[in-house]
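The values are calculated or read from the model by the stated rules, or taken from the named source; none is laboratory data. Here the structure is a predicted model, which is why all the values come from computation and not from measurement. Positions of Cβ are backbone-derived with ideal geometry, glycine not excepted, and every protein chain shown enters the neighbour counts.
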Amino acid sequence: MVEQLKTAIAAACKDLFGVDVQPALERTAEQFGDYATNAALQLAGQLNKNPRDIAVQLAASLQKNDSIAKAEAAGPGFINLALTDEALLKLAANPPAQSLDGQEILVEFGDPNPFKQMHIGHLYSYIVGDAIASLLEAAGAKVKRLSYHGDVGRQVAMAIYGLQEMLAQNREDGEDSLSAAYVYGNQKYEEDPVAKAEIDKINQHIYAQDDSEINELHKKGVQLSFEAFDKILNLLSIHTDKRYLESQTTPIGMRLVEENLGKVFSKSQGAIIYEGEKAGLHTRVFITSNGLPTYETKDLGLVVLKEKDYPEAVRSIVITANEQNEYFKVMLAALGKIKPDLAQKTTHLSHGFLSLTSGKMNSREGNVYKAMDLLLQVKDAVHAQYPDSPAKKPVTFAAVKYAFLKHRLGSDIVVDIKESVGLEGNSGPYLQYAYARARSILAKSTLQGQILQDGSTLQESERSLVRKIGEYPEVVAKATAELMPHHIGSYLYELAQNFNRFYESSRIIGDPREAMRLGLVKNYSQVLKNGLNLLGIEAPEKM
């Protein structure tokens, strides 16, 4: 319908003034109609005429369109358009368009490192990444969900050093032991010169893979870590199609840097660097003076490995915390000089920090706010607030996911468990309750919902709800284009509030308009369910 309106406006501009335009069309406040266009303002400069006069002429022409109930000039040259009831209902019945038409798109997110706990920052990345992947899939893309994990480097050497000490003391292994080993190794690295030298030596062995004992501890630690990660991901119904490890990408990145030494990279005090200042950025080391790769080099290898595994992919999206923004600018600038096609199709998205009462997370000090701890706390809050609910599990995960996804990507988030599980405001459980309530209304009637018959008209409250339902395809398109899932959450909350106003003023069961209103409730509940599903949230039939 939106494209049809744009076509009609463009045709009117051509017929009346002989000028081709690509008119903008935006939703307007309900009291002014349904859409507004600035086509008259676009024409005014070319025709050297008063935009208001042009708007009056265009409005008169558009008034003849079968889908437009009212067209009128407004302000200095805008045109407000109100659709007919029939056009509104058709708009509300249209699913979101599939604009990506089978394109393969890579989405990398999550990325917790082995030998550490998954903290709520990783949890946020997983939830946001999964929602973005779902949006792209709904638009027709073939999405590959990927993750990337640092299984080599000094932090791993610290953990293995700690494990060796724990084994010598006959302490138990396990997920918590891995985290404790890392914290212990980091502390010794900073305080004990002998331990520091030993950890640096272990780091060399990890890259060279030439020590059987270290190799075995490394393999076991990676396995235990991924088993722990998978427990959380399975609970959240989030999956990845492929995991990449730094140990896989390192040799590829090293080779790429060395092949481009003197062309893209240069030597400085024994290290290999990229002089970012020449591109308005900052200089970063890619290979240290000890011959070890930095994260930048490993990421170059990852880009090449992704291309090898998914040569048909047209886009690669990488989601990290925003503290890596400057790092990615440099890495992509270097990549652009080596493989410009790969740099061009790589998009870096960043999310903000999660504020905690204990302050900023720091895995080196061991005070990380663990992902599982948050899930368990929310679970306890849900069980306390909804002791008789048959939907405690989906409500728990809705509370967590929506608490993250309702915020614009990039902004910092304060996690408030009480708010996230409540029914008083903008929360996941509130939207689940809104869906269950609508399903309960439908279950009370023996009639089947139906659209308006020819010649019927919508009452004010009905029209307002239909209008809001009809926004869904446009909101999904916007969220997909911008890679911003929060647009879905904001819309669903507004939709539920609109329905509440409709329900308060319009009796459904037993009303002469029952069948038609049931049709509206049915459409409303389906949009709620579809929108929640895009956010990875289940819509339970009963709360």
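Values as computed for the structure displayed
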item	result
Matching residues in the range 460-511 - criterion: being assigned to a helix (DSSP H, G or I), surrounded by 17 or more Cβ atoms within 10 Å (Cβ to Cβ) and aliphatic (A, V, I, L, M)	Leu465, Val466, Ile469, Val475, Val476, Ala477, Ala479, Ile488, Leu492, Leu495, Ala496
Number of the condition not met by Thr249 [criteria: (1) part of a helix (DSSP H, G or I); (2) surrounded by fewer than 17 Cβ atoms within 10 Å (Cβ to Cβ); (3) in contact with a Gly (Cβ under 7 Å, 6 or more places away or on another chain)]	(2)
Any hit, the range 66-79, residues being closer than 30 Å to Ile160 by Cβ, among the β-branched types (Val, Ile, Thr) and either surrounded by fewer than 18 Cβ atoms within 10 Å (Cβ to Cβ) or not assigned by TED's automatic domain parsing to the domain that holds Gln459 (or both)	no
Lys219 vs. criteria under 23 Å from Lys144 (Cβ atoms) and of a type in the set (D, E, K, R)	no
Some residue of the range 441-457 being crowded, with 17+ Cβ neighbours inside 10 Å, farther than 17 Å from Asp511 by Cβ and not assigned by TED's automatic domain parsing to the domain that holds Ile68	no
Near pairs, Cβ below 8 angstrom, 6+ apart or cross-chain, from the range 210-231 (within 14 Å of Leu178 (Cβ to Cβ)) to any residue that is of a type in the set (D, E, K, R) and not in a helix (DSSP H, G or I)	His218/Asp151; Lys220/Asp173; Val222/Asp151; Leu224/Asp173; Ser225/Lys116; Phe226/Arg243
Which listed residue is part of a helix (DSSP H, G or I) and in contact with a Ser or Thr (Cβ under 9 Å, 6 or more places away or on another chain), from Leu16, Leu41	Leu16
Residue within the range 201-223 that is small (Gly, Ala, Ser), at pLDDT below 95, part of a helix (DSSP H, G or I) and closer than 30 Å to Glu538 by Cβ present	no
The range 303-326, subset over 16 Å from Ser147 (Cβ atoms) and over 21 Å from the mean Cα position of the chain (by Cα), residue surrounded by the most Cβ atoms within 10 Å (Cβ to Cβ)	Val304
Whichever residue in the range 409-423 is touching a Ser or Thr at 6+ places or on another chain (Cβ under 9 Å) and among the charged types (D, E, K, R) and, among such residues, is surrounded by the most Cβ atoms within 10 Å (Cβ to Cβ)	Glu419
Within the range 256-310, tally of residues that are in contact (Cβ under 8 Å) with a residue 12 or more places away in the chain and at positive phi	2
Among residues of the range 512-543, those that are among the small types (Gly, Ala, Ser) and not in a helix (DSSP H, G or I), counted	2
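Rundown of residues vs (1) crowded, with 23+ Cβ neighbours inside 10 Å; (2) modelled with pLDDT of 95 or more; (3) within 17 Å of the chain's Cα centre (by Cα), yes/no style:
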site	(1), (2), (3)
Glu86	no, no, no
Asn94	no, no, no
Gln103	no, yes, no
Val107	yes, yes, yes
Pro114	yes, no, no
Ser134	no, yes, yes
Lys144	no, yes, yes
Arg154	no, no, no
Leu163	yes, no, no
